[in-house]
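Structure record follows, encoded as structure tokens.
Since every read-out is calculated from the coordinates, none of them should be taken as a lab result. Computed from a predicted model, the values in this text were never measured in an experiment. We place every Cβ from the backbone using ideal geometry, glycine too, and count neighbours over all the protein chains shown.
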Amino acid sequence: MNRLITSSLLAGLALMTTLNGLAAEPRIQVHGHRGARARMPENTLPAFEYAMRAGVDVLELDMAVTRDNVIVISHDPILHPPVCSGPKPSAVIHELTLAQVREWDCGAVKNPAFPDQQPVPGTRMPTLDEVFTLAAKSKVEFNIETKIFKDKPELTPPPREFAQLVLDEIRKHHIEKRIILQSFDYRTLAEMKQLAPKIRLSALTQSDQREFTEIAKEAGAGIVSPHYSLVTPEKVKAAHAADLQVVPWTANKPSDWRKLVDAHVDAIISDDPAALIAWLKQQGLR
């Protein structure tokens, strides 16, 4: 009799949980792309502050290295408008010292691709150390990308050196468990795997039509981060069966979010994380 009562109670609780939507879908993490570049100047402290206030799970950002071996946050290895404005039309970050990089204003000009972006004049390019310090008291994680190029080795340190510089900053802040290292160039992923095997690795891809499992195997990564247009429910299912995560980029419209949710991705990278979070809440998914 007691077993029957216990079984009935458990079944009832499971049904109530399902009806309340608490077990319908796992939480989909939100990554703020370059902080929140739809709203604030990309890859800047104001963008990362905005994203954290919006409630992101992860800050997504890009890394370059100055001539004096300081990791700075920049998507492009070359400074140029509208992202950054300075004393010259353009300049290679790896040829400048940090002091010289700081002569550029990376918040004065609105990016025309994002009409709702709010300029913040006087904003300087942050270092990786400054971003980690900014988020020190939060639980936010970091999805950090090594911008490195096989065909342009002069723009960055060699893969091993780049990975070591990144690892030094991670260890300085004792945040190994909060880091995902991502790249389109899998050489830095391989180096990080040797240097610090427990750091999560993510293989970025823009147009590779292969199964996500094949991409992950090539990169030695536990996460695949494809352009959102490459995502299908079948590819995600196969990835999950192989104990991989799928984190697509960069989806900014509800219609695309819906497709990704229906495909059961693990996270979504978006330029407008606040809007994505609001939409997920409307769907009962957050």
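Results, tabulated for the structure shown:
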quantity: Cβ-based exposure ranking for Phe212, Phe114, in which fewest neighbours within 10 Å come first; calculated: Phe114, Phe212
quantity: Packing-based order for 199-206, 270-277, using average beta carbon neighbours within 10 Å, highest first; calculated: 270-277, 199-206
quantity: Amide H contacts of Ser225 (H built 1.01 Å from N, under 5 Å, at least 5 apart or other chain); calculated: Ala203, Leu204, Thr205, Val247
quantity: Exposure proxy order (Cβ contacts within 10 Å, fewest to most) of Ile28, Ile78; calculated: Ile78, Ile28
quantity: Rough spin-label spacing in nm, given labels placed 7 Å along Cα→Cβ, for Arg27 and Gln194; calculated: 3.7 nm
quantity: Nearest-0.05 FRET efficiency for Glu211 and Glu161, computed from C-beta distance (R0 35 Å); calculated: 0.60
quantity: Helix-only CD estimate at 222 nm, as mean residue ellipticity for the chain, using -39500 (n - 2.57) per DSSP H run (n ≥ 4); calculated: -10000 deg cm²/dmol
quantity: Mean Cα-pair separation over length for region 26-282, i.e. relative contact order, pairs under 8 Å, 6 or more apart, %; calculated: 20 percent
quantity: Dipole magnitude (debye, nearest 20) for region 26-282, charges at Cβ of Lys, Arg, Asp, Glu; calculated: 500 debye
quantity: Whole-number percent relative contact order across region 88-175, with pairs defined as alpha carbons under 8 Å at least 6 apart; calculated: 24 percent
quantity: Spin-label model distance (nm) - Ala238 vs Asn69, 7 Å beyond Cα toward Cβ; calculated: 4.3 nm
quantity: Extended-chain gain in nm, criterion 0.36 nm per residue less alpha-carbon gap, Lys177 and Ala108; calculated: 21.4 nm
quantity: Under the Karplus curve 6.51 cos²θ - 1.76 cosθ + 1.60, θ = phi - 60°, whole-Hz ³J(HN,Hα) for region 150-159, x wherever Gly or Pro sits; calculated: 4, 8, 9, x, 6, 8, 8, x, x, x
quantity: Alpha carbon Rg of region 26-282, scaled by the compact-globule rule 2.2 N^0.38 Å; calculated: 0.96
quantity: Label point distance in nm, Lys150-Ala278, each placed 7 Å from Cα along Cα→Cβ; calculated: 4.3 nm
quantity: Karplus-derived HN-Hα couplings along region 45-60 (A = 6.51, B = -1.76, C = 1.60, θ = phi - 60°), whole Hz, x at Gly and Pro; calculated: 4, x, 5, 6, 4, 4, 4, 5, 4, 6, x, 5, 8, 9, 8, 9
quantity: Trypsin sites (Lys or Arg not before Pro) restricted to DSSP loop in region 27-102 with at most 11 other C-beta within 10 Å; calculated: Arg27
quantity: Over 30 Å between alpha carbons, listed pairs Lys193/Lys237; Lys139/Lys193; Lys110/Lys193; Lys198/Lys235; Lys235/Lys281; calculated: Lys110/Lys193
